[in-house]
1. Answer yes if at least one residue in the stretch 100-121 is in the same structural domain as Ala207 (by TED's automatic domain parsing), of a type in the set (A, V, I, L, M, F, W, C) and either assigned to a helix (DSSP H, G or I) or surrounded by fewer than 13 Cβ atoms within 10 Å (Cβ to Cβ) (or both), and no otherwise.
2. Which condition number does Val127 fail, the rest of (1) assigned to a helix (DSSP H, G or I); (2) surrounded by 13 or more Cβ atoms within 10 Å (Cβ to Cβ); (3) at pLDDT below 95 being met?
3. Need a quick list: strands (runs of 3 or more DSSP E) entirely within the stretch 28-92 having at least 1 residues that are modelled with pLDDT under 95.
4. Looking only at the stretch 114-168, count every residue that is aromatic (Phe, Trp, Tyr) and in contact with a strand residue (DSSP E or B) (Cβ under 6 Å, 6 or more places away or on another chain) and tell me the total.
5. What is the residue count in the stretch 48-94 for residues that are surrounded by fewer than 17 Cβ atoms within 10 Å (Cβ to Cβ) and among the basic types (Lys, Arg)?
6. Conditions: (1) free of Cβ contacts under 8 Å to residues at least 24 places away in the same chain; (2) under 20 Å from the mean Cα position of the chain (by Cα). Arg5 meets all but one. Number of the miss?
7. Quick check: anything in the stretch 5-12 within 28 Å of Val127 (Cα to Cα), buried (at least 21 other Cβ atoms within 10 Å of the Cβ) and out of contact with any Gly (no Cβ under 9 Å at 6 or more places or on another chain)?
8. Can you say whether Ala73 is in the same structural domain as Leu29 (by TED's automatic domain parsing) and touching a residue at least 12 places away in the same chain (Cβ under 8 Å), as far as the supplied structure shows?
Amino acid sequence: MADARRCRPTLRCLTEDLGADLPGLDVDLGDVRHPLLDELRRVAPTSPEGQKRILSIEHPLVYRIRVSSERGATWVDEERNIVWLCAAHRREQDSDDDAYAYFKALHESGALLPNDDDGLRDRAEAVIRVQRGLTGDLFELFEVALADKEREHQGDLGGWLPCRIVVMRSAGVEEIWCGLSVRGTDGSFVPERVRDMLFASLDQYVAPAVFEVRNDWPSGDVEWYEVVVLGMR
C-alpha cells in the first residue's frame, strides 16, 4: 500500500510568513495549526487537482490555496510524496506587496521551494516518529505480558520488528524477559542502535530494575536471530 501523502510548511514559510516559532523535533510540522495549513491538509490528498496555478511562476508548477484574504503557494514534491506550503501572504490586488508578487519574488530569488534544511528536518522527524511507534508498541506488549504472567506474548513492533516478552515471578522477584529479532519482517537487518534504544527504553519504563543480556529463554532456546535481555525487579 502506498504511503499516504503528507503536507507540511517549509521552515522559511513557517517562521517568516506564518510567524510561528520552530518547535522541537518531537513536533511534526505537518500538525502545526494555522488556517492555511488546515486548508492544505484538506486538499493534500488530491493536490493539485482542483487548485489553480500561480501563472506568474512558469516552472515548477506551483498552485494556490486561499483562506479569506490569505493566499498560499503550494508545490507537490512527488519524490517525497509531500505537498509543501512554500509561502503565504495577504492578497492585495494591484499592490507591489500582493501575495502573487511576493511568491514570484521568492521564486526568482531561489527561496520558494523547500531546501536541504527542510529535507533534514523531515528526516529527523521521521526518526522520532519511528522511535515513538516502536517504543509505544513495546510498552503495550509489556503491559499485556505483565497482566498475563507466565505466558509468552509476541508482536511485531511498528508492524516490523518481531518481539516477544514473558513476565514471571519467582521468590518475590519479577523477571522480565524480552527478545528482539535482528531482522525485520521485511527481511532487513535491524540496526543494533535500534535494539539498544528499545532495551534502554524498556529499562526506564519498568524501573527500578536490573537488566542483563542472556543467551537463554525461560521456556526454551533462544533463536539464532534474537537478542535477549532479562530484567529483575
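1. No, the stretch 100-121 has no match at all.
2. (2)
3. Working: elements: 63-67, 70-77, 82-90.
Qualifying strands (runs of 3 or more DSSP E): 82-90.
4. We begin by selecting, within the stretch 114-168, every residue aromatic (Phe, Trp, Tyr); these are 139, 142, 160.
In the following step, the residues that additionally are in contact with a strand residue (DSSP E or B) (Cβ under 6 Å, 6 or more places away or on another chain) were identified as 142.
Of the residues in that region, 1 qualify.
5. Total satisfying the criteria: 5.
6. (1)
7. Going residue by residue through the stretch 5-12, those that are within 28 Å of Val127 (Cα to Cα) are 5-12.
Those left that are additionally buried (at least 21 other Cβ atoms within 10 Å of the Cβ): 7-10.
Checking the rest, the ones that are also out of contact with any Gly (no Cβ under 9 Å at 6 or more places or on another chain) come to 10.
Looking for residues that are within 28 Å of Val127 (Cα to Cα), buried (at least 21 other Cβ atoms within 10 Å of the Cβ) and out of contact with any Gly (no Cβ under 9 Å at 6 or more places or on another chain), one finds at least one in the stretch 5-12, hence yes.
8. When the stated conditions are applied, Ala73 passes them.
The values are calculated or read from the model by the stated rules, or taken from the named source; none is laboratory data. What you see is a predicted model; the values in this text were computed from it and never measured. In this analysis, Cβ positions are derived from the backbone assuming ideal geometry, glycine residues included, and neighbour counts consider all displayed protein chains.
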